[in-house]
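The values are calculated or read from the model by the stated rules, or taken from the named source; none is laboratory data. Since this is a predicted model, take the numbers as computed values, not measurements. Positions of Cβ are backbone-derived with ideal geometry, glycine not excepted, and every protein chain shown enters the neighbour counts.
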Amino acid sequence: MEPAPPSLELDLDNLKALKILGKGAMGTVFLIHNSTATSTTTTATTLALKVVDKTSVHAKLDAVRRARWEIQVLSSLSHPFLPSILGTYESPQFLAWALPYCPGGDLNVLRYHQNDRVFSPCVIRFYIAEILCALDHLHSMGIAYRDLKPENVLIQHSGHVTLTDFDLSRKLNPKTVTNNNSNNKTVDPNLPSHDRNLPESSRKHRRNFSRWIPLSSETSHQIQHKMNGLNLKKAKSARVSPVSRRKTSFSNGERSNSFVGTEEYVSPEVVRGDGHEFAVDWWALGILMYEMMYGTTPFKGKNRKETFKNVLTKSPEFVGKRSELTDLIEKLLAKNPTKRLGYSRGAVEIKEHGFFRGVNWEMLLEVMRPPFIPARDDGNVELSSEKYSNGGVDIKEYFQRLKTPQSLHPSPLMSPSPNRFNKKNVSLTEF
Ligand SMILES: Nc1ncnc2c1ncn2[C@@H]1O[C@H](COP(=O)(O)OP(=O)(O)OP(=O)(O)O)[C@@H](O)[C@H]1O
């Protein structure tokens, strides 16, 4: 990956946060007002600034490594449905990077604004077509996203989507890139000799994903115990509980074992520890479509163990008339990744499905009109409000406060979710 140099000069001493956009396990995302002055003009832009405090307890676990990886991935992206990094900042205490601000919130928030909290098939087609293109682009770069869920799909000013949160993404070894033709498979000469004679699937298993959760032999208590010891990503919403396990041993500078994802979105092969490829993203796409259609994910159980059991054994239930939409979801939720739509030929195979009939893939941006457009003046309203007339709050002070006991109290920066959408575009229900 060739990182493109970010152009924006960031200096945390001179930046004021208008509010917190979100908090994750790794860092805090602030809304920033940035002005750049030339001799004749001053241009003001709103940015999302993700800041990781390298000295915090969380950061010490794994966050700095993840943050650097995220910056590396972001720096290599250039696609209308993926974010471009605008600038980075590093000091002994902080690592920060700026992205274009997405005023429309995420797909989960948007779904909660809908009547019945579900999207119509047309709206699903619009968003999934864009997400599919974004995933296609990532896969073409050899990157598996591995964290697709509504909370990570943000709505840009224009109403088009952008994916966020790349810290769980992973560069796949090209030979693990989907390739059905076993004759074409190459054997890595760097592999230990005992692995060279194994079938490809077993080698991947041994190298990357040793079995982690044998559901049949473990109690949920044992599983929970293991989870507690892992570097869990903190929940962003009630449902968001990504699981991340990376072995502490390294081989060739790479971590050699991983179990990642959000439990309701985790694919059977990841639960089994069988090794996984890009098809995990197609599985997650199927879960996302199901949730957009029914307002719930298909395999959610009473607890993590039951969810994983459902992922492995249960067929998704489709209420109502079957359609191209349900057919596509079913094909994406094939338990066997090699039978899953998208496994053999990637995104092309999915684009060819009847659900997308009539979609002009080359002209997606021009032809398809976004169903919901965030209110145009969202950022300006925030900027001009009295609360921020003193220029916002100091980010460094914010992190300092986090380290003191009163940080348990809600931050003054944490404002309730705004009504992000024009009334004419969205039917507003309380959420
Ligand atoms: N460009 C953006 N525009 C608007 N809001 C954003 C933007 N980027 C992130 N956010 C908000 O900040 C939240 C946290 O961002 P992000 O998921 O990147 O952080 P994280 O620390 O990696 O979280 P996680 O624990 O899931 O890894 C997002 O859910 C979203 O609400």
Review point. For residue 322, which of the numbered conditions (1) modelled with pLDDT of 95 or more; (2) part of a helix (DSSP H, G or I) fails to hold?
Key: (2)
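Across the stretch 336-366, what is the total count of residues that are among the charged types (D, E, K, R), more than 22 Å from the chain's Cα centre (by Cα) and over 15 Å from residue 122 (Cα atoms)?
Number satisfying all stated conditions: 6.
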**Study point:** For residue 97: the one exception among (1) assigned to a loop (DSSP other than H, G, I, E, B); (2) within 12 Å of the ligand (Cβ to nearest atom); (3) at pLDDT 95 or above
**Key:** (1)
Practice item. Look at the stretch 285-319 and say how many of its residues are part of a loop (DSSP other than H, G, I, E, B) and not hydroxyl-bearing (Ser, Thr, Tyr). Key: 12
Practice item. Would you be able to say whether some residue in the stretch 50-63 is crowded, with 21+ Cβ neighbours inside 10 Å and away from the ligand (no atom under 15 Å from the Cβ)? Key: no
Check your understanding: Do we find that residue 21 is modelled with pLDDT of 95 or more and either away from the ligand (no atom under 12 Å from the Cβ) or under 22 Å from the mean Cα position of the chain (by Cα) (or both) in this structure?
Key -> no
